[in-house]
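**Student:** I have a structure I would like to understand better, so I am pasting it below and will then ask my questions one at a time.
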Amino acid sequence: MALLEQDIKRVKGLGFLLNRGTEEFSGRIITENGILTAKQMQCLSEAAEKFGNGNITFTSRLTVELPGISYDNIDPFIDYVAGAGMVTGGTGSKVRPVVSCKGTTCVFGLYDTQALAKEIHQRFYVEYHDVVLPHKFKIAVGGCPNNCVKPDLNDLGIVGQRVPKLDAGKCRGCKKCGVADACPMAAAVTGETLSIDAERCNNCGRCDGKCPFGALETEETLYKVYVGGRWGKQVRIGSALNKLFTREEVLDVVEKAILLFKSKGESGERFGQTVDRLGIAKVEKMLISDNLLKRKEEILEIETVGGAKC
């Protein structure tokens, strides 16, 4: 059959993208934090054989696509994967599926990234699913300054931080310093006593516990936030907010950023363009203040025309 443009657009909103040169679609499965159970993977394998072309592909944002699905098989496919607790989606001018690095299990991870990503997914992908934004809004959750998930190239990126706390009185001026040896940034400077070069230190936490005399430990995990990053045809490195946040604070900042974009963004512009137009100083002030949260219901009532094409 000849597919109608409105049919292609309708199913795209459900997470089904037309395969180039065909009348078949790729169904996009959403993961909360990059994790699927063995049973869910088994279900997808069965669905690929039953409804698609037998292949499963993976996207750069930790979603799974099954290509080769005919238009008539879209509804049966949705019902089939729902039986294993999976849904399709991930398109449109709205909060997109959250990307998380493997910080939960990584030796360099400073916190449980997959747990934070899951909470962000529930609060801002699921609960904000019907909230139309000026364009797509991508969120990345990174476990440490290695930045494997490229947080500063997302509309909002989160990076785990462990700030070193030096007790110079406990430093014994060892000729071979375990802290200095562990520091990948050469920020630990040895002399008569140890010092930390704040300009070089990126709060990676690798120095934690490396002094046998307890001269240096790290504080609890905090979170660095980048806003307005973008990758693709136009590139913008995200602007780092000056403050480090607690876990609860960082969840508030995510919501404030979405509300700011909803209220101040212009149709068709990415969040980075909104940040540049308003100025990072003004944006940071708005994200630190609680005014956006107080105006949440009012902001969510704003009628927005989305500009995302993919």
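**Student:** Can you tell me which residue among 269, 248 is of a type in the set (Asp, Glu), within 17 Å of residue 94 (Cα to Cα) and at pLDDT 95 or above?
**Tutor:** Among 269, 248, only 269 is of a type in the set (Asp, Glu), within 17 Å of residue 94 (Cα to Cα) and at pLDDT 95 or above.
**Student:** For segment 33-56, how many residues are crowded, with 20+ Cβ neighbours inside 10 Å and over 17 Å from residue 76 (Cα atoms)?
**Tutor:** Counting residues in segment 33-56 that are crowded, with 20+ Cβ neighbours inside 10 Å and over 17 Å from residue 76 (Cα atoms) gives 2.
**Student:** Any residue in segment 221-244 that is touching a residue at least 12 places away in the same chain (Cβ under 8 Å), closer than 13 Å to residue 164 by Cα and not aromatic (Phe, Trp, Tyr)?
**Tutor:** Checking segment 221-244: at least one residue is touching a residue at least 12 places away in the same chain (Cβ under 8 Å), closer than 13 Å to residue 164 by Cα and not aromatic (Phe, Trp, Tyr).
**Student:** How many residues does segment 83-92 hold that are among the hydroxyl-bearing types (Ser, Thr, Tyr) and farther than 21 Å from residue 150 by Cα?
**Tutor:** 1
**Student:** Shifting gears a bit: Keeping to segment 91-110, report how many residues are buried (at least 21 other Cβ atoms within 10 Å of the Cβ) and in contact with a helix residue (DSSP H, G or I) (Cβ under 9 Å, 6 or more places away or on another chain).
**Tutor:** 9
**Student:** Can you name the residue in segment 51-70 that is within 25 Å of the chain's Cα centre (by Cα) and among the aliphatic types (A, V, I, L, M) and, of all such residues, is modelled with the lowest pLDDT?
**Tutor:** Top of the filtered list is 62.
**Student:** I want to confirm something. Restricting to segment 61-77 and keeping residues that are part of a strand (DSSP E or B) and not small (Gly, Ala, Ser), which single residue is farthest from residue 139 (Cα to Cα)?
**Tutor:** Restricting to residues being part of a strand (DSSP E or B) and not small (Gly, Ala, Ser), the top hit is 69.
**Student:** Moving on. Before we move on, is residue 118 part of a loop (DSSP other than H, G, I, E, B) and either under 25 Å from the mean Cα position of the chain (by Cα) or assigned by TED's automatic domain parsing to the domain that holds residue 140 (or both)?
**Tutor:** The answer is no for residue 118.
**Student:** OK, next. Inspect all residues belonging to segment 121-131 and state whether any of them is assigned by TED's automatic domain parsing to the domain that holds residue 247, surrounded by fewer than 24 Cβ atoms within 10 Å (Cβ to Cβ), over 15 Å from residue 262 (Cα atoms) and under 11 Å from the mean Cα position of the chain (by Cα).
**Tutor:** Yes, there is a match, as at least one residue in segment 121-131 is assigned by TED's automatic domain parsing to the domain that holds residue 247, surrounded by fewer than 24 Cβ atoms within 10 Å (Cβ to Cβ), over 15 Å from residue 262 (Cα atoms) and under 11 Å from the mean Cα position of the chain (by Cα).
**Student:** Now a separate question. Of the residues that make up segment 250-267, is at least one under 24 Å from residue 111 (Cβ atoms), touching a residue at least 40 places away in the same chain (Cβ under 8 Å) and outside any helix (DSSP H, G or I)?
**Tutor:** Within segment 250-267, none of the residues are under 24 Å from residue 111 (Cβ atoms), touching a residue at least 40 places away in the same chain (Cβ under 8 Å) and outside any helix (DSSP H, G or I).
**Student:** Can you name the residue in segment 1-32 that is buried (at least 18 other Cβ atoms within 10 Å of the Cβ) and of a type in the set (Gly, Ala, Ser) and is also nearest to the chain's Cα centre (by Cα) among such residues?
**Tutor:** Ranking the qualifying residues of segment 1-32, first place goes to 15.
**Student:** Further, regarding this structure: Among 48, 38, 82, which is the only one that is modelled with pLDDT of 95 or more, of a type in the set (A, V, I, L, M) and touching a Leu at 6+ places or on another chain (Cβ under 9 Å)?
**Tutor:** So the residue among 48, 38, 82 that is modelled with pLDDT of 95 or more, of a type in the set (A, V, I, L, M) and touching a Leu at 6+ places or on another chain (Cβ under 9 Å) is 48.
**Student:** Report the residue count in segment 206-239 for those that are among the small types (Gly, Ala, Ser) and either surrounded by 23 or more Cβ atoms within 10 Å (Cβ to Cβ) or outside any loop (DSSP other than H, G, I, E, B) (or both).
**Tutor:** Going through segment 206-239 one residue at a time, the tally reaches 4.
**Student:** Count, please, the residues in segment 139-151 that happen to be buried (at least 21 other Cβ atoms within 10 Å of the Cβ) and not hydrophobic (A, V, I, L, M, F, W, C).
**Tutor:** Total meeting the criteria: 4.
**Student:** Kindly check whether there is at least one residue in segment 52-60 that is part of a strand (DSSP E or B) and either touching a Pro at 6+ places or on another chain (Cβ under 6 Å) or farther than 16 Å from residue 310 by Cα (or both).
**Tutor:** yes
**Student:** Do you know which of the residues in segment 117-133 that are charged (D, E, K, R) and without any contact (Cβ under 8 Å) to a residue 60 or more places away in the chain is nearest to residue 271 (Cα to Cα)?
**Tutor:** By that ranking, first place goes to 130.
**Student:** Then there is this: Can you report the number of residues in segment 107-165 which are among the basic types (Lys, Arg) and over 20 Å from residue 239 (Cβ atoms)?
**Tutor:** 4
The values are calculated or read from the model by the stated rules, or taken from the named source; none is laboratory data. None of the values given here were measured: they were computed from a predicted structure. Virtual Cβ from ideal backbone geometry, glycine too; neighbours counted across all protein chains shown.
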